[in-house]
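Engineer: Handing you a structure now.
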Amino acid sequence: MLKVGLIGCGRIMPAHLHGYKELIERNIDVRIKALCARRIEDAKRFRSQEDGVPPRKPVGPPGDPLAKPHIYVYDFQKDVDVEVYADYREMLKKSDIDAVEIYTSVFSHHEIAIACIKDGKHVLVEKPLALTVKAARKMVQEAEAHGVVLGVAENTRYFSDIRMTKWVIDQGYIGKVQAVLGGSMGGYWSPDKIVADTAWRHKKMLAGGGATIDMGVHLFHILRYLCGEIDEVSSIVEIIEKERFRRDEEGRIIESVKPDVDDTFFGLFKFRTGVIGQWFFSWAGHGEEASLPRTIYGTKGCIKGDKLILNSGEKIDIEGLFEKEAADETKERFFPYGIKDPMALETLEFLRAIKEGREMETSGREGLRDLAASFALIESSRLGRSVKVDDVESGKIAEYEEEINKYYGI
């Protein structure tokens with residue numbers, strides 16, 4: 001049985017705990033051994049109701065992982081006691097654990113992950129993998145040097161619609177992929193809300209970048225999974241809203257922040273496979289939301305959202321097609337034990353990678369590449385030209401992140 005320590009007991013914790021609940025209820029050999037947060041009360045908040053720390057109100061729109069209802073470890077894990085710590089270094093010294101999951105703010109990912117790796121622990125890190133590309137490279141290098149699993153908790157890889165869409169493409173239903181496009185502006189956090197009620201997301205030295213990084217890693221992971229490796233990026237990146245606010249239920253301002261990282265990007269992409277792509281995203285936008293569903297064009301038809309649309313005009317529900325036509329082996333590979341919860345699937349993949357001595361689907365190297373493509377958006381906009389993702393990943397182009405690396409000694 002693998003014993004895991006969870007570091008960072010913030011707003012994303014309930015989503016991960018619901019995933020662990022499903023795994024443990026399915027008799028997967030894993031137990032949560034320790035919870036760690038900077039404030040011991042935050043760790044106790046998720047251990048048991050008897051600890052007496054009230055839950056926080058979820059944030060975000062319905063379906064967002066941040067909106068998952070509160071849950072306690074002792075609601076679903078009765079046979080192993082959970083320790084609580086206010087310092088991950090103390091947890092590493094005292095707790096009998098095999099692996100850690102890191103859910104802290106992104107500016108601390110590299111420091112905590114590298115310490116855990118050097119202590120011989122397998123590590124799964126919330127997205128983005130790190131604050132800068134250089135920090136992510138160091139994490140990957142350390143994991144490879146110490147022979148431990150390093151993964152990124154990129155839950156979009158495990159979404160049912162994404163996995164089923166991958167199957168549709170691989171089965172050749174739309175022929176050879178030619179182009180992809182999509183985007184949204186004016187959504188839940190628009191026009192000027194503090195995203196996820198966490199102001200650090202809007203500061204360069206704490207978040208690295210804005211929408212380009214926070215949402216970019218999700219976007220690029222999906223595009224890379226479905227359409228192949230991204231070679232080149234060209235973009236416009238802007239801060240449209242110069243001040244953002246958190247308001248109470250009566251609409252009164254209770255917090256404000258002046259962002260120094262973007263809230264909007266428009267990107268053009270070239271893939272190594274020959275596919276071309278366009279995407280836009282913004283946390284700004286007054287009035288009504290504008291959105292374009294993910295649309296992937298091929299030589300026989302397209303995939304638009306959850307529909308396969310053939311050249312004949314026939315529209316086919318992708319989920320229905322997958323359930324009817326996919327082999328049982330494929331269904332088990334994509335959704336082991338019939339699990340559909342993305343957080344449960346990513347944790348199960350982490351546990352299996354540890355036991356089988358292999359990389360995760362969402363490995364540290366995958367997280368590094370996602371991050372490099374995201375920073376390429378920023379670098380391209382600053383330079384006024386297209387940028388090769390390889391050059392950002394290698395550090396050949398790194399002007400934007402230089403001051404962050406210097407500040408943290410990366």
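The values are calculated or read from the model by the stated rules, or taken from the named source; none is laboratory data. Please read these numbers as outputs of a predicted model, since none were measured by experiment. Heads up, the Cβs are rebuilt from the backbone with ideal geometry, glycines too, and the neighbour counts pull from every protein chain shown.
Engineer: Checking residue 250 against (1) part of a loop (DSSP other than H, G, I, E, B); (2) within 15 Å of residue 215 (Cα to Cα); (3) not small (Gly, Ala, Ser): exactly one of these is not met. Which one?
Structural biologist: Exception for residue 250: condition (2).
Engineer: Hey, which of the strands (runs of 3 or more DSSP E) in the range 288-371, taking only ones fully inside, have at least 2 residues that are closer than 23 Å to residue 5 by Cα, hydroxyl-bearing (Ser, Thr, Tyr) and not assigned by TED's automatic domain parsing to the domain that holds residue 144?
Structural biologist: Working: elements: 290-298, 301-304, 307-310, 315-317.
Passing ranges: none, list empty.
Engineer: Does residue 383 satisfy the criteria of being free of Cβ contacts under 8 Å to residues at least 40 places away in the same chain and either under 22 Å from the mean Cα position of the chain (by Cα) or within 23 Å of residue 269 (Cα to Cα) (or both)? Please lay out each step first, then the result.
Structural biologist: On the way: free of Cβ contacts under 8 Å to residues at least 40 places away in the same chain: yes; either under 22 Å from the mean Cα position of the chain (by Cα) or within 23 Å of residue 269 (Cα to Cα) (or both): yes.
So residue 383 passes the test.
Engineer: For the range 58-175, which fully contained helices (runs of 4 or more DSSP H) count at least 1 residues that are under 19 Å from the mean Cα position of the chain (by Cα) and under 30 Å from residue 311 (Cβ atoms)? Steps first, please.
Structural biologist: Numbers: elements: 88-94, 109-118, 133-146, 160-170.
Filter on the range 58-175 gives 160-170.
Engineer: Quickly run through the range 1-42 and pick out the residues that are within 26 Å of residue 159 (Cα to Cα), in a strand (DSSP E or B) and of a type outside the set (Lys, Arg). Steps first, answer last, please.
Structural biologist: Of the residues in the range 1-42, the ones within 26 Å of residue 159 (Cα to Cα) are 2-32.
Remaining after also requiring in a strand (DSSP E or B): 2-7, 30-32.
Scanning the range 1-42 gives 2, 4, 5, 6, 7, 30, 32.
Engineer: Do we find that residue 213 is farther than 26 Å from residue 57 by Cα and either in contact (Cβ under 8 Å) with a residue 60 or more places away in the chain or not assigned by TED's automatic domain parsing to the domain that holds residue 105 (or both) in this structure? Break it down stepwise before answering.
Structural biologist: Details: farther than 26 Å from residue 57 by Cα: no; either in contact (Cβ under 8 Å) with a residue 60 or more places away in the chain or not assigned by TED's automatic domain parsing to the domain that holds residue 105 (or both): yes.
Against the criterion (farther than 26 Å from residue 57 by Cα and either in contact (Cβ under 8 Å) with a residue 60 or more places away in the chain or not assigned by TED's automatic domain parsing to the domain that holds residue 105 (or both)), residue 213 does not qualify.
Engineer: For the range 386-407, how many residues meet the condition of being surrounded by fewer than 20 Cβ atoms within 10 Å (Cβ to Cβ), closer than 23 Å to residue 228 by Cβ and either acidic (Asp, Glu) or without any contact (Cβ under 8 Å) to a residue 60 or more places away in the chain (or both)?
Structural biologist: Qualifying residue count, the range 386-407: 4.
Engineer: With respect to residue 54, is the statement that it is closer than 30 Å to residue 186 by Cα and either of a type outside the set (Val, Ile, Thr) or without any contact (Cβ under 8 Å) to a residue 40 or more places away in the chain (or both) true?
Structural biologist: Details: closer than 30 Å to residue 186 by Cα: no; either of a type outside the set (Val, Ile, Thr) or without any contact (Cβ under 8 Å) to a residue 40 or more places away in the chain (or both): yes.
So residue 54 fails the test.
Engineer: Among what's in the range 342-356 and is among the charged types (D, E, K, R) and touching a residue at least 60 places away in the same chain (Cβ under 8 Å), pick the residue that is nearest to residue 144 (Cα to Cα). Quick ask: steps written out before the conclusion?
Structural biologist: Residues of the range 342-356 that are among the charged types (D, E, K, R), as a first pass: 346, 349, 352, 355-356.
Adding the requirement that they be touching a residue at least 60 places away in the same chain (Cβ under 8 Å) leaves 346, 349, 355.
Values: 346: 20, 349: 18, 355: 16 Å.
In this case the residue turns out to be 355.
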